[in-house]
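First comes the structure, then the notes that go with it.
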Amino acid sequence: MAEIILKNITKEYENGFQAVKNVSLDIKDNEFVILVGPSGCGKSTTLRMIAGLEDISDGDLFIDGERMNDVAPQHRDIAMVFQNYALYPHMSVYQNIAYSLKIKKIPKSEIDQRVHEVAKSLGLEELLDRKPGQLSGGQKQRVAMGRAIIRHPKAFLMDEPLSNLDAKLRGQMRVEIADLYQRLNTTFIYVTHDQTEAMTLGTKIVVMKDGEIQQIDNPTNLFSYPVNKFVAGFIGTPTMNFFEAECAEENGLVVLKTVAGRIVMNDAKAAKLREGGWIGKKVTGGIRPEHVILSQDGENTVFSGKVNVFELLGSNAIIYVETEAGMIVMNTSQVQVYEHGDKIALSVIADKVHVFDPETERTVTN
Amino acid sequence: MNTRYSDKSPLYLRIPGIVGKILILAAASVFTAFPFVWMVVSSLKTKADILNTDIFFPSEPQWGNITGILFNSPIPKYILNSAWVSLVIVALQIVSGAMLAYALVFLKFRTRKILFAIVMATYMLPVAATYIPSYIILANWGILDSFLGLIVSSTVSIFGIFLLRQGFMQIPKGLVEAARMDGASHWRALWEIVCPMTKSSFITFGLMNFIGTYNNYMWPSLITKTSDYFLVSQGLRAFFVRDGAYGTEWALVMAASAVVVIPLLILFAFTQKWFINGIGGETGMKG
Ligand SMILES: Nc1ncnc2c1ncn2[C@@H]1O[C@H](COP(=O)(O)OP(=O)(O)O)[C@@H](O)[C@H]1O
Ligand SMILES: [Mg+2]
């Protein structure tokens, strides 16, 4: 239950390295916000500054309207789940969960009741007497969550909480975290490098790169309207195909000319491209694998080449095609088996094409 | 040292090595233990027996030597002095050492490296070089020749800071951070999270410094001259020179020495497991 505002926050480490650059972010009460980005982009640093574990070099942090830059972590009333769980090895599960309440001098009987409540909701009742060393990864994860939940904190911070679990458990815990969020009705800030995790959990996703925020949006918009080539490539698997093209005007239509063909832009995109003065210039095109289709006749072929790898995933197949424009990946549900080296002609759904400025890599068609 | 399971070569090839090892260890043990045994044996002799080099064991055990020391000498008082002064000093050293080590390991502040360099430099300074300045400070404060002076001049142990720092560095920083997020102050994090995880470092620290302080001779003898404030080593010496060089009651000196060691032996017996762990660098964190 907290509103958290980051205003032009910068973190410069002792060695002079700027890990977070001028980050501004508004997190509303009860929002589930995800920080996502490749490893080393400053997600943990941002989270740790909110927690108070790392000094803020520049900018302001407000929690519920109060400036918190100089408030010690234990006075921020924020709970954090660490990547490696950070359970106290010399304490039992019970003591681990109860520790924050003990510090707050809550009466023993109430602590006992709350610990059992939390343990029950997380399926930990049988394990209360164990030491962390005797728990599996998934159980440790639950204890770490229990330790956070029991406090009823203003906000939950989670730093890659699932990255140490195997894939199956990760999927399961993901559902549980979503469920937890619904139940607790508290502000969540969740850090992950895994865009799938971000897309399935988040309502508001913050994409970061090199210490800077690239885009803040909901999953649908991130997928459909990435603001730049980085976001376009980072969100979605398999990743978006990028190709070189030239923007041209033919018979009153704006087209992208590729090595092997042309893509006719719809009215909206055409208008944007004209407006930006892109006619006659080189651009970078982008198309997601699921928007690459088989070319029915020679007419609308955009890429042609040979099948390199064919992966059948059940209801759909991923086909890697070696084309004149480089490797193009297609994700199709019209499953038809290909062999390595088969010739193939590809087209694209023109409405789904993204166009980027080759210099700044910003999207020019949004 | 545990060659039993790791060594794959057949037993007959290993025998010379094992025998060699046993011989070396036995020789080392004899050299270390002999003075101690000699002291104990001599404490039960008469003065004449001690000076007679032909016999090792007393012709007749003189239990009176021991009881004399226990009930009819100032030695028990010195033991008590030594014990409680050492206890207070070690307690203070543990608190100050733990706080400094915690700051050096877990806190980020601009002067951390400088602070560590200063601590390091202090460690390299010969103790004797500090005697005169320390003496002057105590004199200025008017606490020479007092228990307070003895205690105040030993509240910080650089060795202890090093030992604890070494132990603390084994602890993942995340644990302290988790405690901070749970609402713990640095003080609580130190005593409730860090300390229990480095128990053996603390016990080693406490024990080594307790023994050191208990036995300390040089510094206490510089700053105290009233026998009321004597620690054991000083007390023993006073006892030793009481009757002049030729009148020394060797048997009584030996009996007194033996009595003085008893508290340390008891202490060591109880903490042996931790003591050895701590020196070996284990944090007792297993399991
Ligand atoms: N204490 C530190 N001193 C210097 N650089 C650091 C420190 N901690 C992290 N960094 C650097 O800051 C960048 C961001 O780190 P981090 O926030 O942990 O990234 P992420 O969590 O997104 O993987 C990385 O390049 C990392 O090497
Ligand atoms: Mg990280």
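With respect to A:LEU35, is the statement that it is farther than 25 Å from B:GLN170 by Cβ, within 13 Å of another protein chain (Cβ to nearest Cβ), in contact with a strand residue (DSSP E or B) (Cβ under 7 Å, 6 or more places away or on another chain) and within 16 Å of ligand 2 (Cβ to nearest atom) true?
When the stated conditions are applied, A:LEU35 does not pass them.
Can you name every residue in region A:337-354 that is among the aliphatic types (A, V, I, L, M) and open to solvent by less than 60 Å² (accessible area, probe 1.4 Å)?
The answer is A:ILE344, A:ALA345, A:LEU346, A:VAL348, A:ALA350, A:VAL353.
Quick one: is A:TYR99 within 14 Å of another protein chain (Cβ to nearest Cβ), touching an Asp or Glu at 6+ places or on another chain (Cβ under 8 Å) and surrounded by 15 or more Cβ atoms within 10 Å (Cβ to Cβ)?
Considered against the rule, which asks whether it is within 14 Å of another protein chain (Cβ to nearest Cβ), touching an Asp or Glu at 6+ places or on another chain (Cβ under 8 Å) and surrounded by 15 or more Cβ atoms within 10 Å (Cβ to Cβ), A:TYR99 comes out as yes.
Among (1) within 14 Å of chain B (Cβ to nearest Cβ); (2) charged (D, E, K, R); (3) within 16 Å of ligand 2 (Cβ to nearest atom), which single condition is A:LYS43 missing?
(1)
A:TYR181: away from ligand 1 (no atom under 16 Å from the Cβ), aromatic (Phe, Trp, Tyr) and away from chain B (no Cβ under 14 Å), yes or no?
Yes.
Quick check on region A:73-84. Is at least one of its residues within 16 Å of ligand 2 (Cβ to nearest atom), within 23 Å of A:ALA198 (Cβ to Cβ), open to solvent by 70 Å² or more (accessible area, probe 1.4 Å) and touching a residue at least 40 places away in the same chain (Cβ under 8 Å)?
Yes, region A:73-84 contains at least one residue that is within 16 Å of ligand 2 (Cβ to nearest atom), within 23 Å of A:ALA198 (Cβ to Cβ), open to solvent by 70 Å² or more (accessible area, probe 1.4 Å) and touching a residue at least 40 places away in the same chain (Cβ under 8 Å).
Quick one: A:LYS209 ticks every box in (1) open to solvent by 40 Å² or more (accessible area, probe 1.4 Å); (2) within 14 Å of chain B (Cβ to nearest Cβ); (3) within 16 Å of ligand 2 (Cβ to nearest atom) bar one, so which box is it?
Single failed check for A:LYS209: (2).
Would you point out the residue of region B:201-234, among those that are under 19 Å from B:VAL156 (Cα atoms) and small (Gly, Ala, Ser), that is farthest from the other protein chains (Cβ to nearest Cβ)?
Across region B:201-234, the extreme among qualifying residues is B:GLY212.
With the checklist (1) at positive phi; (2) surrounded by 21 or more Cβ atoms within 10 Å (Cβ to Cβ) in hand, flag the one item A:GLU361 doesn't pass.
(2)
Let's see how each residue does on (1) of a type in the set (A, V, I, L, M); (2) outside the structural domain of B:GLU177 (by TED's automatic domain parsing); (3) in contact (Cβ under 8 Å) with a residue 40 or more places away in the chain; (4) outside any helix (DSSP H, G or I):
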{"site": "B:ASP54", "(1), (2), (3), (4)": "no, yes, no, yes"}
{"site": "B:PRO58", "(1), (2), (3), (4)": "no, yes, no, yes"}
{"site": "B:PRO61", "(1), (2), (3), (4)": "no, yes, no, yes"}
{"site": "B:SER82", "(1), (2), (3), (4)": "no, no, yes, no"}
{"site": "B:SER96", "(1), (2), (3), (4)": "no, no, yes, no"}
{"site": "B:MET99", "(1), (2), (3), (4)": "yes, no, yes, no"}
{"site": "B:LEU104", "(1), (2), (3), (4)": "yes, no, yes, no"}
{"site": "B:LEU115", "(1), (2), (3), (4)": "yes, no, no, no"}
{"site": "B:ILE118", "(1), (2), (3), (4)": "yes, no, no, no"}
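If I ask for residues that are facing chain B (nearest Cβ under 10 Å) and buried (at least 17 other Cβ atoms within 10 Å of the Cβ), which ones from region A:102-130 would you list?
The one that is facing chain B (nearest Cβ under 10 Å) and buried (at least 17 other Cβ atoms within 10 Å of the Cβ): A:ILE103.
Condition check: under 15 Å from A:PHE156 (Cβ atoms) and part of a helix (DSSP H, G or I). Does A:ILE34 satisfy that? Quick ask: steps written out before the conclusion?
On the way: under 15 Å from A:PHE156 (Cβ atoms): yes; part of a helix (DSSP H, G or I): no.
When the stated conditions are applied, A:ILE34 does not pass them.
Take B:VAL127 and tell me if it is open to solvent by 50 Å² or more (accessible area, probe 1.4 Å), in contact with a Gly (Cβ under 9 Å, 6 or more places away or on another chain), more than 14 Å from every other protein chain (Cβ to nearest Cβ) and more than 30 Å from A:TYR99 (Cα to Cα). Give the derivation first.
Numbers: open to solvent by 50 Å² or more (accessible area, probe 1.4 Å): yes; in contact with a Gly (Cβ under 9 Å, 6 or more places away or on another chain): no; more than 14 Å from every other protein chain (Cβ to nearest Cβ): yes; more than 30 Å from A:TYR99 (Cα to Cα): yes.
The answer is no for B:VAL127.
Can you give me the number of residues within region A:1-25 that are open to solvent by 30 Å² or more (accessible area, probe 1.4 Å), in contact with an Asp or Glu (Cβ under 8 Å, 6 or more places away or on another chain) and more than 14 Å from chain B (Cβ to nearest Cβ)?
8
From the list A:THR196, A:THR237, exactly one residue is closer than 27 Å to A:LYS168 by Cα and assigned to a loop (DSSP other than H, G, I, E, B). Which is it?
None of the other options fit; the residue is A:THR237.
Those residues that are away from ligand 2 (no atom under 13 Å from the Cβ) and either buried (at least 20 other Cβ atoms within 10 Å of the Cβ) or within 14 Å of chain B (Cβ to nearest Cβ) (or both), I need them from region A:50-65; list them, please.
Correct list: A:ILE50, A:GLY52, A:ASP55, A:ILE56, A:SER57, A:LEU61, A:ILE63.
On the basis of being at positive phi, more than 14 Å from every other protein chain (Cβ to nearest Cβ) and either at pLDDT 95 or above or open to solvent by 40 Å² or more (accessible area, probe 1.4 Å) (or both), does A:GLY236 make the cut? Lay out the reasoning, then the answer.
On the way: at positive phi: yes; more than 14 Å from every other protein chain (Cβ to nearest Cβ): yes; either at pLDDT 95 or above or open to solvent by 40 Å² or more (accessible area, probe 1.4 Å) (or both): no.
No: the conditions fail for A:GLY236.
Kindly check whether there is at least one residue in region B:140-160 that is within 14 Å of chain A (Cβ to nearest Cβ) and crowded, with 21+ Cβ neighbours inside 10 Å.
Looking for residues that are within 14 Å of chain A (Cβ to nearest Cβ) and crowded, with 21+ Cβ neighbours inside 10 Å, one finds none in region B:140-160, hence no.
The values are calculated or read from the model by the stated rules, or taken from the named source; none is laboratory data. Bear in mind that the values here come from a model prediction, so they are computed numbers and not experimental data. Note that we place each Cβ from the backbone using ideal geometry, even for glycine, and neighbour counts take in every protein chain shown. The area values use the complete protein model at the heavy-atom level, side chains included, leaving out ligands, DNA and RNA. Shrake-Rupley method; radii C 1.70, N 1.55, O 1.52, S 1.80 Å.
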